[in-house]
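Asks: Quick one: the structure is below, questions incoming.
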Amino acid sequence: MLPTKLDHCVIHVTDWERSNAFYTTVLGAELVARPAGYAYRFGDKQLNVHGPGVKPAEVARLPVAPGNSDLCFEWIGPIADAIAHLGRCEVRIESGPMQRFGAKGAGTSVYFRDPDGSLMEFMSYAGEKMAEAPGMHDPNILPPDLPAPQDDGRARHLTGLKLPDVALRATGGGMVNLSKLKGRTVIYAYPRTGVPGVDAPPGWDQIPGARGCTPQSCGFRDHFAALKALGVAQVFGLSTQATDYQQEAADRLHLPFPILSDADLNLATNLHLPMFMTSGMTLLARMALVVEDGKIVKVFYPVFPPDKNAEEVISWLRTR
């Protein structure tokens with residue numbers, strides 16, 4: 001191994017006051033005044049900054065321009081804390097949380113932008129898990145005052161995409177590669193099914209679109225025959241829960257179709273599916289996909305109320 005380590009890299013900004021405020025407040029940089037302009041220091045690493053009044057002696061063949069950098073910063077602690085920090089700073093999260101791979105291995109990231117449009121990433125390697133506790137939770141019931149999810153645009157890119165060549169473990173045994181299936185397939189994605197008598201994660205009912213995974217699954221169970229009559233060759237549920245957890249729900253709810261586990265987020269990250277994170281879990285946002293010969297032809301997102309999702313899919317299929 002050579003005796004080298006990264007010392008600094010270069011970004012370009014267009015407005016010193018605006019960028020200085022962003023990099024110090026949002027990213028926690030130490031502001032270093034230079035003879036012309038500033039630098040942003042993070043411990044023993046530094047961002048040298050090209051900007052108004054700076055005339056660097058040496059530049060890349062294609063000099064760094066405002067808005068064309070892509071930087072990742074490790075967030076020490078849970079990614080939920082990073083999300084809360086960005087919210088306090090009134091910085092919009094562009095995507096995530098999602099699983100990514102960084103210098104220390106697998107982590108969870110959120111993406112946002114600096115004032116010039118350069119892509120910023122907070123990555124957390126914290127891997128805390130929620131401890132489930134006994135309680136009075138009944139996942140079969142939908143409270144009347146649940147907040148409705150809004151269309152945030154995170155699923156608009158999916159229509160027309162081919163499914164990636166990814167094999168997922170299924171309840172009942174075996175693996176399923178959705179990209180290889182022929183005919184019409186319906187896939188409904190959900191965050192996590194609960195267990196009767198086990199408390200939901202803190203604040204679960206206040207997360208728009210989180211509550212209702214069991215009613216959604218029961219809807220597809222109860223309308224399974226109608227879906228088959230409309231030419232659906234196969235139906236699958238999909239979540240990031242482990243197969244053992246999913247198997248409990250599949251058995252308890254008497255589901256006539258398998259549930260697929262994307263616990264490693266391979267399918268979700270390949271398709272850039274909308275996700276969210278709570279209590280240390282990275283979960284899929286609720287949606288449904290109609291796939292024909294491995295290609296997505298219809299996306300239902302957001303889904304609300306969840307117990308009517310199967311009926312919504314059936315109504316669309318009847319128009320085909």
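Asks: So for the chain, averaging the separation of alpha carbon pairs under 8 Å that are six or more residues apart and normalising by length, what relative contact order in percent results?
Replies: 17 percent
Asks: Right, here's the next one. Counting only DSSP beta bridges with both residues in the chain, tell me the antiparallel percent, nearest 5. Walk me through the intermediate numbers first.
Replies: Numbers: 42 of 61 bridges.
The answer is about 70 percent antiparallel.
Asks: Here's another thing I want to ask about it. Using DSSP to call loops (not H, G, I, E or B), can you name the trypsin sites (Lys or Arg not before Pro) in the range 21-92 whose Cβ has at most 15 other Cβ atoms within 10 angstrom?
Replies: Loop-located and lightly packed - 61, 92.
Asks: Where Lys and Arg each count +1 and Asp and Glu each count -1, what net charge lies around residue 24 among other residues with Cβ under 13 Å from its Cβ? Please report the intermediate quantities before stating the final value.
Replies: Numbers: positive: 18, 41; negative: 17, 30, 114.
Once all neighbours under 13 Å are counted, the net charge is -1.
Asks: Something else about it: Just report the Cα centroid separation between the range 36-66 and the range 153-231, whole Å.
Replies: 47 Å
Asks: With label points built 7 Å along Cα→Cβ from the Cα atoms of residue 17 and residue 311, find their separation and express it in nm.
Replies: 5.7 nm
Asks: Okay, next question. Helix 213-222 sits at what angle to the longest principal axis of the chain, using alpha carbons and giving 0 to 90 degrees rounded to 10?
Replies: Helix 213-222 and the main axis of the chain meet at about 40 degrees.
Asks: Another question, then. Can you pull the percent of the chain's accessible area that's carbon plus sulfur, 1.4 Å probe, other chains left in place?
Replies: The nonpolar share, carbon plus sulfur, comes to 53 percent.
Asks: Just to check I understand the Karplus step: with θ = phi - 60° and J = 6.51 cos²θ - 1.76 cosθ + 1.60, what whole-Hz values come out for the range 92-97, glycine and proline as x?
Replies: With the stated coefficients, the range 92-97 comes to 6, 7, 7, 7, x, x Hz.
Asks: Give the angle, between 0 and 90 degrees and rounded to the nearest 10, that separates the Cα long axis of helix 243-252 from the longest principal axis of the Cα atoms of the chain.
Replies: The answer is roughly 30 degrees.
Asks: Could you work out the relative contact order of the range 251-320, using alpha carbon pairs under 8 angstrom and six or more residues apart, expressed as a whole percent?
Replies: 15 percent
Asks: Moving on. Output the Kirkwood hydrodynamic radius of the range 159-214, Cα pairs only, in Å rounded to one decimal.
Replies: Hydrodynamic radius (Kirkwood, Cα only) of the range 159-214 equals 14.3 Å.
Asks: Still on this structure, I have one more. If amide hydrogens are placed 1.01 Å from N in the peptide plane, which non-local residues have theirs closer than 5 Å to the one on residue 95?
Replies: Amide H neighbours of residue 95, under 5 Å, 5+ apart: 111.
Asks: Can you compute the helix-only [θ] at 222 nm over the chain? Use -39500 (n - 2.57) per DSSP H run of at least 4 residues, normalise by all residues, nearest 500 deg cm²/dmol.
Replies: -5500 deg cm²/dmol
Asks: Can you tally the net charge around residue 122? Count Lys and Arg as +1, Asp and Glu as -1, for every other residue whose Cβ sits under 15 Å from the Cβ of residue 122. Working shown, then result.
Replies: Values: positive: 88, 92, 100, 104, 113; negative: 70, 74, 81, 94, 114, 121.
Every neighbour counted, the sum reads -1.
Asks: Please give the per residue volume of the convex hull enclosing the alpha carbon atoms of the chain, rounded to a whole number of Å³.
Replies: Per-residue hull volume (Cα only) is 177 Å³.
Asks: When you count, for each residue, the other Cβ atoms within 10 Å and take the mean per peptide, how do 280-286, 248-254, 54-60 rank with the highest first?
Replies: Most protected by this proxy first, the peptides run 280-286, 248-254, 54-60.
Asks: How many angstrom lie between the Cα centre of the range 105-126 and the Cα centre of the range 239-261?
Replies: 32 Å
Asks: Could you tell me which trypsin sites (Lys or Arg not before Pro) in the range 200-237 are loop residues by DSSP with no more than 12 other beta carbons within 10 angstrom of their beta carbon?
Replies: Those that pass, being in a loop and sparsely packed, number zero.
Asks: I need to check one value: relative contact order of the range 185-320, counting alpha carbon pairs closer than 8 Å and at least 6 residues apart, in percent.
Replies: Here the relative contact order equals 34 percent.
The values are calculated or read from the model by the stated rules, or taken from the named source; none is laboratory data. All values derive from a computational prediction rather than experimental measurement. No Cβ is skipped: glycine too gets one built from the backbone with ideal geometry, and neighbour counts run over all protein chains shown. Heads up: the accessible areas ignore ligands, DNA and RNA and are worked out on the full protein's heavy atoms, side chains in. Shrake-Rupley method; radii C 1.70, N 1.55, O 1.52, S 1.80 Å.
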